[in-house]
Amino acid sequence: MKKPAESANAKTVEEIIARVNNEIITRSELDKARAATEEEAKQECQGKCTPEQLRVDIEDRQKNTLRELIDQSLLVQRGKDMGVNVEPDVIKKLDQLRQQNKIDSMEDLEKAVSAQGSNWEDFKNNIRNGILTQRVIGSEVGSHITIGKEEIAKYYNEHKKEFVRPEQVALREIEVSTEGRKIPSCPI
């Protein structure tokens, strides 16, 4: 069998790293995830780690990057199969980010994200996928967890001191001003 002749000008546009059901994970997605992982490690380690500890932490995190991308892809696919809609939550999250960063409008948030070198649609998809995976894990895992009354009682008995609070009083008062108003006489 003959191989097709390769052109001297042939160029790989995108390399597929993994196939997860009908979805693919590309080299650029893996590279972006690894860069994000490195940035997270640097931020968490800021001033707390030696350069050697930082290097080891980054290497450890990057070893798991592909597996995490595959897991996320599976969870997103499961969420789509379940018909989970997270669009209202995505909008809420974007609005929270806008308010936290004291940005006036969503358009300005989009400009700020773009100014940091991120693609707006990728940014929104990352938020969407994060919320979707949390929902899927919550419904798939949370619904299968059962804790018996004996386990609850045992936990309570072992941690009683954490549940004890000193006596306290809460006082609430509602004042209504009657100044300048006529108070109807009450026939008794």
Total charge dipole magnitude, the stretch 59-147, about the Cα centre, Cβ charges on Lys, Arg, Asp, Glu only, Debye to nearest 20: 160 debye
Using alpha-carbon coordinates, inclination of helix 120-142 to the longest axis of the chain, degrees: 70 degrees
Neighbourhood net charge (12 Å Cβ-Cβ; Lys/Arg +1, Asp/Glu -1) for LYS63: -1
Mean separation of Cα contacts under 8 Å (6+ apart) over length of the stretch 29-141, as relative contact order %: 30 percent
Between helix 87-100 and the chain: long-axis angle, C-alpha atoms, 0 to 90°, nearest 10: 80 degrees
Cβ-based net charge around MET82, under 10 Å, with every Lys or Arg adding one and every Asp or Glu removing one: +1
Nearest-0.05 FRET efficiency for VAL141 and LYS161, computed from C-beta distance (R0 35 Å): 0.70
Positive-end residue of ALA153, ILE127, GLN72, charge dipole of the chain with Cβ unit charges: ALA153
Potential lengthening between ILE70 and ALA36 on full extension [0.36 nm per residue; Cα-Cα distance subtracted]: 10.6 nm
Most positive-pole-ward Cα, SER118, GLN96, MET82, against dipole of the stretch 82-136 from beta carbon charges: MET82
Given LYS63/LYS102; LYS32/LYS92; LYS42/LYS111; LYS42/LYS92, the pairs whose alpha carbons are separated by over 30 Å: LYS63/LYS102
Other-chain or far-sequence residues with amide H under 5 Å of THR26's (modelled H): ILE17
Packing-based ranking, highest mean first, of 92-100, 70-78, 168-176 given that Cβ atoms within 10 Å are counted: 70-78, 92-100, 168-176
Dipole magnitude (debye, nearest 20) for the chain, charges at Cβ of Lys, Arg, Asp, Glu: 260 debye
Per-peptide average of other Cβ atoms within 10 Å, ordering 124-133, 153-162 highest first: 124-133, 153-162
Listed peptides 45-52, 83-90 by packing density, highest first (mean Cβ within 10 Å): 83-90, 45-52
Charged-residue dipole, Cβ positions (Lys, Arg, Asp, Glu), the stretch 88-140 about Cα centre, Debye nearest 20: 160 debye
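None of the figures in this text is laboratory data; all of them are computed from the coordinates on show. It should be emphasised that the depicted structure is a prediction, and the values quoted were computed from it without experimental measurement. Please note: Cβ atoms are built from the backbone with ideal geometry, for glycine as well, and neighbour counts cover all protein chains shown.
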